[in-house]
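Undergrad: Pasting a structure here, questions to come.
The values are calculated or read from the model by the stated rules, or taken from the named source; none is laboratory data. Here the structure is a predicted model, which is why all the values come from computation and not from measurement. Methodologically, a virtual Cβ is constructed for each residue, glycine included, from the backbone with ideal geometry; neighbour enumeration extends over all protein chains shown. Ligands, DNA and RNA are excluded from the accessible area calculation, which covers all protein heavy atoms including side chains. Shrake-Rupley method; radii C 1.70, N 1.55, O 1.52, S 1.80 Å.
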Number of protein chains: 2
Amino acid sequence: MTKSAIIKPDPKLDLVLERVIDVPRELVWRAWTTPELLRPWFCPKPWETVDCEIDLRPGGIFRTIMRSPEGQEFPNTGCYLEVTPNERLIWTDAMLPGYRPAPEAFFTAVLALEPTAAGGTRYVATAIHRDEAGRKKHEEMGFHGGWGMVVDQLVDYIKKEM
Amino acid sequence: MTKSAIIKPDPKLDLVLERVIDVPRELVWRAWTTPELLRPWFCPKPWETVDCEIDLRPGGIFRTIMRSPEGQEFPNTGCYLEVTPNERLIWTDAMLPGYRPAPEAFFTAVLALEPTAAGGTRYVATAIHRDEAGRKKHEEMGFHGGWGMVVDQLVDYIKKEM
């Protein structure tokens with residue numbers, strides 16, 4: 001493999017959540033890439049993540065099923081594009097496992113992790129959309145609140161359980 | 001980067017062209033990844049490739065413009081997914097550079113090169129489609145004849161010019 005992809009978010013099309021959290025990035029990485037460590041915090045409560053499948057390599061599956069408080073299930077299947085341990089994880093719903101183009105595409109997600117001097121993590125999550133309509137829809141679905149709540153849940157989980 | 005993607009063509013959805021050619025794979029790789037070495041052979045004559053842009057890294061642009069004998073131009077922009085020098089090149093039109101989901105997706109292409117005992121190359125090109133309709137459309141567009149003719153043009157070009 002050669003150089004990594006250059007990711008340049010476009011404010012018209014993309015959404016970025018940046019946080020500094022007081023847990024080490026190695027634990028954040030493990031929680032994002034291990035099904036049983038991901039399920040407890042991955043969607044904003046009272047929603048639940050009831051299933052998760054991970055094949056941690058470019059082209060490998062990333063599949064989750066979220067369940068609403070009313071019991072409705074929302075499956076999501078995509079694949080990883082870049083897996084750089086403890087640094088950067090990129091996946092998309094525009095492609096199914098094995099790089100097969102998906103029937104519908106909503107966004108590509110980039111999770112970038114950097115260590116802070118204090119032993120914590122600079123956590124940057126970027127959602128890359130096809131167009132402005134995609135960005136607006138994601139904003140209306142509550143990107144900032146939802147992804148922000150998920151970071152809080154992730155940090156709580158790491159401190160209590162890992 | 002971790003392990004490479006597992007590519008498993010599905011005969012219902014995908015198309016595969018396999019050839020053994022008598023040129024070394026290092027030259028095939030260079031011809032596929034260098035714009036000025038790609039343009040002369042990349043589309044079946046009398047069509048021409050009038051422009052080509054390559055940023056050879058995962059997420060980097062692969063853009064071509066083909067021109068029909070009548071002068072109509074057909075631009076195509078996608079991005080690379082895997083770049084393993086002399087071995088495997090994967091790109092898709094399902095994503096634009098920087099992994100942005102594309103407005104339309106047709107296929108992902110996998111070019112796999114292996115050296116033969118005689119110093120030639122086992123050349124396998126696989127087109128991975130979203131669905132059966134995509135595979136049929138590509139077949140009707142002349143996948144086997146077209147991609148086959150392109151291999152002949154590539155081999156001629158390498159022997160005469162490289």
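Undergrad: Exactly one of these conditions fails for B:PHE143: (1) in contact with a Leu (Cβ under 6 Å, 6 or more places away or on another chain); (2) crowded, with 19+ Cβ neighbours inside 10 Å. Give me its number.
TA: (2)
Undergrad: Moving on. Filter the stretch A:119-162 down to the residues that are assigned to a helix (DSSP H, G or I) and either touching a helix residue (DSSP H, G or I) at 6+ places or on another chain (Cβ under 7 Å) or of a type in the set (Gly, Ala, Ser) (or both), then identify the one that is nearest to the other protein chains (Cβ to nearest Cβ).
TA: Initial filter on the stretch A:119-162 (assigned to a helix (DSSP H, G or I)): A:132-140, A:143-161.
Filter once more, so that each one left must be either touching a helix residue (DSSP H, G or I) at 6+ places or on another chain (Cβ under 7 Å) or of a type in the set (Gly, Ala, Ser) (or both): A:133-134, A:145-146, A:148, A:154, A:157-158.
Working: A:ALA133: 11, A:GLY134: 8, A:GLY145: 23, A:GLY146: 20, A:GLY148: 23, A:LEU154: 22, A:TYR157: 24, A:ILE158: 22 Å.
Per the criteria, the residue is A:GLY134.
Undergrad: If you check A:GLY142, A:GLY146, A:GLY98, A:GLY134, which single one turns out to be more than 30 Å from B:LEU111 (Cα to Cα) and touching a Cys at 6+ places or on another chain (Cβ under 9 Å)?
TA: Numbers: A:GLY142 fails: touching a Cys at 6+ places or on another chain (Cβ under 9 Å); A:GLY98 fails: more than 30 Å from B:LEU111 (Cα to Cα); A:GLY134 fails: touching a Cys at 6+ places or on another chain (Cβ under 9 Å).
Going through A:GLY142, A:GLY146, A:GLY98, A:GLY134 in turn, just one is more than 30 Å from B:LEU111 (Cα to Cα) and touching a Cys at 6+ places or on another chain (Cβ under 9 Å): A:GLY146.
Undergrad: Can you list the strands (runs of 3 or more DSSP E) lying wholly within the stretch B:1-118 that have 2 or more residues being open to solvent by 50 Å² or more (accessible area, probe 1.4 Å)? Before the answer, list the steps.
TA: Numbers: elements: B:14-21, B:48-54, B:61-67, B:73-84, B:88-92, B:107-115.
Qualifying strands (runs of 3 or more DSSP E): B:14-21, B:48-54, B:61-67, B:73-84, B:107-115.
Undergrad: Out of the residues in the stretch A:18-46 that are closer than 30 Å to B:PRO103 by Cα and touching a Ser or Thr at 6+ places or on another chain (Cβ under 8 Å), which is modelled with the lowest pLDDT? Give the derivation first.
TA: So the first thing to find is which residues in the stretch A:18-46 are closer than 30 Å to B:PRO103 by Cα, and the list is A:18, A:32-33, A:42-44.
Now restrict to residues that are touching a Ser or Thr at 6+ places or on another chain (Cβ under 8 Å): A:42-43.
Details: A:PHE42: 97, A:CYS43: 94.
Only one residue tops the list, namely A:CYS43.
Undergrad: Now, a different point. Going by the structure shown, is B:ASP14 under 24 Å from B:HIS138 (Cα atoms) and within 12 Å of another protein chain (Cβ to nearest Cβ)?
TA: Answer is yes for this residue.
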